[in-house]
1. Does the stretch 233-282 hold any residues that are out of contact with any strand residue (DSSP E or B) (no Cβ under 7 Å at 6 or more places or on another chain), under 22 Å from His348 (Cα atoms) and of a type in the set (D, E, K, R), and which are they?
2. I need a count of the residues in the stretch 10-25 that are without any contact (Cβ under 8 Å) to a residue 24 or more places away in the chain and either open to solvent by less than 90 Å² (accessible area, probe 1.4 Å) or touching a helix residue (DSSP H, G or I) at 6+ places or on another chain (Cβ under 6 Å) (or both).
3. Kindly provide the set of residues from the stretch 387-416 that are of a type in the set (Ser, Thr, Tyr), modelled with pLDDT under 85 and open to solvent by 70 Å² or more (accessible area, probe 1.4 Å), ordered by number.
4. When the stretch 417-441 is examined, which residues are found to be more than 26 Å from Trp268 (Cα to Cα) and either β-branched (Val, Ile, Thr) or open to solvent by 60 Å² or more (accessible area, probe 1.4 Å) (or both)?
5. Does Val90 qualify as being among the hydrophobic types (A, V, I, L, M, F, W, C), surrounded by fewer than 16 Cβ atoms within 10 Å (Cβ to Cβ) and touching a helix residue (DSSP H, G or I) at 6+ places or on another chain (Cβ under 6 Å)?
6. Inside the stretch 392-421, can you point out the residues that are part of a helix (DSSP H, G or I) and β-branched (Val, Ile, Thr)?
7. Keeping to the stretch 184-230, report how many residues are open to solvent by 10 Å² or more (accessible area, probe 1.4 Å) and outside any helix (DSSP H, G or I).
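The values are calculated or read from the model by the stated rules, or taken from the named source; none is laboratory data. Note that the structure is predicted; figures quoted are calculated from it, not measured. Cβ placement follows ideal geometry from the backbone for every residue including glycine, while neighbour counts extend to all protein chains displayed. SASA here: full protein model, heavy atoms, side chains in, ligands and nucleic acids out. Shrake-Rupley method; radii C 1.70, N 1.55, O 1.52, S 1.80 Å.
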Amino acid sequence: EFSGSVIRNPKYYFREGITWSTISSSSLSMRYSPKGFLFETKGSVCFPKGDNDLKVPLGLMNTKVVEQILLAISPTLDFHEGPIGKVPVVSVSNVDKLVSNLVHLAKTDWDSYETSWDFTNLPLLANEYRHATLADTYIHLRQHWQEITLEMQRLEEENNRIFIDAYGLQDELTPDVPLKEITLTCNPHYRYGGERTNEALETLLQCDTIKELVSYAIGCMMGRYSLDKSGLILASQGETLDDYYRQIPVASFAPDEDGILPLNDQEWFADDAINRVREFVREVWGEDRLRDNLDFIAESLCLHAIKAKKGEDSLDCIRRYLSTQFFKDHMRMYKNRPIYWLFSSGKHKAFECLVYLHRYNEGTLARMRTEYLIPLSAKLHSYAEKLEQDKEASTSAAEIKSLEKQITDLHNQQAELAEYDEQLRHYADQRIQLDLDDGVKVNYGKFGSLLAEVKKIAG
């Protein structure tokens with residue numbers, strides 16, 4: 001509708017092609033772009049003429065041959081259409097299957113993470129890697145990742161060799177590709193980079209893999225995913241549990257009834273996130289090794305996500321991760337456009353819970369208040385009375401001092417909770433509706449200070 005707009009090349013919209021980032025601090029990297037996508041200035045796409053195949057140019061443009069050609073004709077960070085169009089193409093006939101395999105490996109890796117549009121299952125839960133314990137499952141999955149990384153490296157080097165030979169550059173270039181350039185997310189040398197040791201890379205990968213497991217478990221609690229069916233289950237505005245059970249009449253791990261998951265640092269509610277995580281792990285790996293599996297999750301989280309605490313058991317450790325770090329990781333995963341929203345009473349963390357935006361409805365805040373906030377207020381009051389009684393009965397100065405600190409913290413939480421209750425009641429009475437077509441940023445800003453990280457998300 002804007003009179004000054006220029007519609008560029010509409011006949012090429014949504015066509016299959018090869019895309020690349022025109023601004024890059026490293027070498028050119030071209031990617032297969034399937035049907036259904038658009039292009040723009042810094043995310044260009046080139047298209048085949050007629051019935052020509054994309055595989056030869058896709059293989060060629062990711063080689064050391066083109067890297068050297070572009071250094072000669074465009075020694076800048078800008079890989080715009082001009083120099084790309086000047087690359088001389090030599091036809092070869094033996095790269096189709098090789099390039100197809102490379103695309104398949106890259107796509108399979110990309111789709112293994114929940115931010116992919118085509119994500120269906122978490123690899124850690126796949127039957128081919130499943131063992132009695134989570135630790136053994138991870139070991140076998142890690143071995144698979146090493147195998148496909150090495151296979152990708154072998155194929156890329158073979159692709160280099162074919163085009164080096166075709167251009168007669170055997171005396172100038174070698175086909176070698178270092179591990180850090182094998183662009184698979186499951187490859188820690190690429191994913192984390194830097195000058196880290198192998199031990200440090202493995203530590204990061206194990207920790208992140210377990211964080212992804214926890215994120216998937218939260219998704220199953222919300223009804224976004226299911227252990228019984230691949231892909232998204234509830235992911236459209238206004239969907240309810242009835243929609244879930246129409247797809248999965250008998251769920252091995254049932255979603256949360258109201259889509260409200262408490263994240264408090266103590267167990268005030270039977271359906272809080274940590275208890276549901278325990279149920280999830282029990283359902284996947286069974287009761288017999290439940291303690292071992294929870295220990296592995298806690299140990300993995302303490303490798304990098306949070307610091308270990310002496311004497312802390314595994315459930316308390318996982319609870320601490322959920323209450324202090326999970327939402328930060330979720331924000332990072334979804335680039336400050338979270339799908340699970342953190343309602344938080346403030347710095348004293350008197351009350352915090354996650355709500356899945358696709359299951360939010362105009363009655364969610366009222367239910368949050370009546371089913372969680374008001375009962376929690378009563379529980380805090382009773383607990384404060386108990387601590388006062390313990391203090392009066394104690395004869396230990398150290399114990400009394402500790403109880404006094406707990407009582408002070410509890411009073412701060414009670415005051416915070418009372419103030420939050422007033423805000424929550426105000427917004428609950430408004431029966432706010434969302435329009436997901438407006439995006440997370442607009443909708444997140446409708447709740448004032450009820451939500452955490454409002455400035456970062458809504459501006």
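1. Residues satisfying the conditions are Asp265, Glu267, Asp271.
2. Step one: of the stretch 10-25, the residues without any contact (Cβ under 8 Å) to a residue 24 or more places away in the chain are 10-11.
So of that shortlist, the ones also either open to solvent by less than 90 Å² (accessible area, probe 1.4 Å) or touching a helix residue (DSSP H, G or I) at 6+ places or on another chain (Cβ under 6 Å) (or both) come out as 10.
Summing the residues that are without any contact (Cβ under 8 Å) to a residue 24 or more places away in the chain and either open to solvent by less than 90 Å² (accessible area, probe 1.4 Å) or touching a helix residue (DSSP H, G or I) at 6+ places or on another chain (Cβ under 6 Å) (or both) in the stretch 10-25 gives 1.
3. Result: Thr395, single match.
4. Passing the criteria: Gln430, Arg431, Ile432, Gln433, Asp435, Asp437, Asp438, Val440, Lys441.
5. Values: among the hydrophobic types (A, V, I, L, M, F, W, C): yes; surrounded by fewer than 16 Cβ atoms within 10 Å (Cβ to Cβ): yes; touching a helix residue (DSSP H, G or I) at 6+ places or on another chain (Cβ under 6 Å): yes.
Taking the combined requirement at face value, the residue satisfies it.
6. Here is the first cut: in the stretch 392-421, the ones part of a helix (DSSP H, G or I) are 392-393, 397-421.
Of everything in the stretch 392-421, those that are part of a helix (DSSP H, G or I) and β-branched (Val, Ile, Thr) turn out to be Ile400, Ile407, Thr408.
7. Number satisfying all stated conditions: 12.
Let's see how each residue does on (1) among the hydroxyl-bearing types (Ser, Thr, Tyr); (2) within 23 Å of Arg15 (Cβ to Cβ); (3) out of contact with any His (no Cβ under 8 Å at 6 or more places or on another chain):
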{"position": "Thr41", "(1), (2), (3)": "yes, yes, yes"}
{"position": "Val45", "(1), (2), (3)": "no, yes, yes"}
{"position": "Val56", "(1), (2), (3)": "no, yes, yes"}
{"position": "Leu70", "(1), (2), (3)": "no, no, yes"}
{"position": "Gly82", "(1), (2), (3)": "no, yes, yes"}
{"position": "Gly85", "(1), (2), (3)": "no, yes, yes"}
{"position": "Pro88", "(1), (2), (3)": "no, no, yes"}
{"position": "Lys107", "(1), (2), (3)": "no, yes, yes"}
{"position": "Asp111", "(1), (2), (3)": "no, yes, yes"}
